[in-house]
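Derivation of every value follows stated rules applied to the coordinates shown; laboratory data play no part. All values derive from a computational prediction rather than experimental measurement. With ideal geometry, Cβ positions are generated from the backbone for all residues, glycine too; neighbour counts draw on all protein chains shown.
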Amino acid sequence: MEARKLIDALTVAERLKDAIRHCYTSGGRHESVAEHSWRAALMAYFMKDEFPEADMDKVIKMCLIHDLGEAFTGDIPVFLKTPKDEKKEEALLYDWVCTLPEPYAAEMEELYQEMAKRETLEAKIYKAIDSVEAVLSHNESDIKTWAPNEYELNLTYAYDKVAFSEYLMKLRDEIKQDTIKKIESENHRK
């Protein structure tokens, strides 16, 4: 990619460093969208051995780019995001993607379409990681930062996304056990 085009693309992506997510870090500050995407990509990297039949480099790309639309709209928690919000984010994202030079514009558009359909193994893995990472992050944050509906969400969220994989089901179950311990610990303090 030509230097100016790269700088322009990275300037848009940089907004994700300041786009605050609903979740907090273990250190007590709001997590950024960039941090979530980075850790999702890292999770995909660490899962390479679990999915030898999958193109995990593609999954890593999906994790890296999946929330770029939030550079234009900011983050809206999954339990508040409406179909109207999703359409707006998608339109703004696609408007930006078409300004990228080839082959990046075409590759990203193909990845986004594959991710939206969630039919390929890679798209299913990406979506599972995206969802599981959110639950993991909530477990790491102070429980006082949780919204009332998140107690139930942290116990149930993402199971539909991981159901296709025995490994991901085990991972989700382990995270659920951490959630249960966190809630029980909080209940004992009260």
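Okay, here's what the table says:
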read-out: The stretch 170-190 residues that are within 13 Å of S141 (Cα to Cα), paired with ones that are surrounded by fewer than 16 Cβ atoms within 10 Å (Cβ to Cβ) and of a type in the set (A, V, I, L, M, F, W, C) (beta carbon under 9 Å, 6 or more apart); value: T179/L155; I183/L155
read-out: Condition met for E122 (closer than 30 Å to Y167 by Cβ, touching a residue at least 12 places away in the same chain (Cβ under 8 Å) and surrounded by fewer than 19 Cβ atoms within 10 Å (Cβ to Cβ)); value: no
read-out: One residue from K58, K81 being out of contact with any strand residue (DSSP E or B) (no Cβ under 8 Å at 6 or more places or on another chain), among the basic types (K, R) and closer than 24 Å to T120 by Cα; value: K58
read-out: Long-range neighbours under 6 Å by Cβ, at least six apart or interchain, first residue over 21 Å from T73 (Cβ atoms) and touching a residue at least 12 places away in the same chain (Cβ under 8 Å) within the stretch 12-29, second small (G, A, S) and surrounded by 12 or more Cβ atoms within 10 Å (Cβ to Cβ); value: none
read-out: Residue list for the stretch 97-134, restricted to those being among the small types (G, A, S) and touching a His at 6+ places or on another chain (Cβ under 8 Å); value: A134
read-out: Residue that is touching a strand residue (DSSP E or B) at 6+ places or on another chain (Cβ under 9 Å), of a type in the set (A, V, I, L, M) and over 19 Å from S37 (Cα atoms), where the choices are A105, A147, A134; value: A147
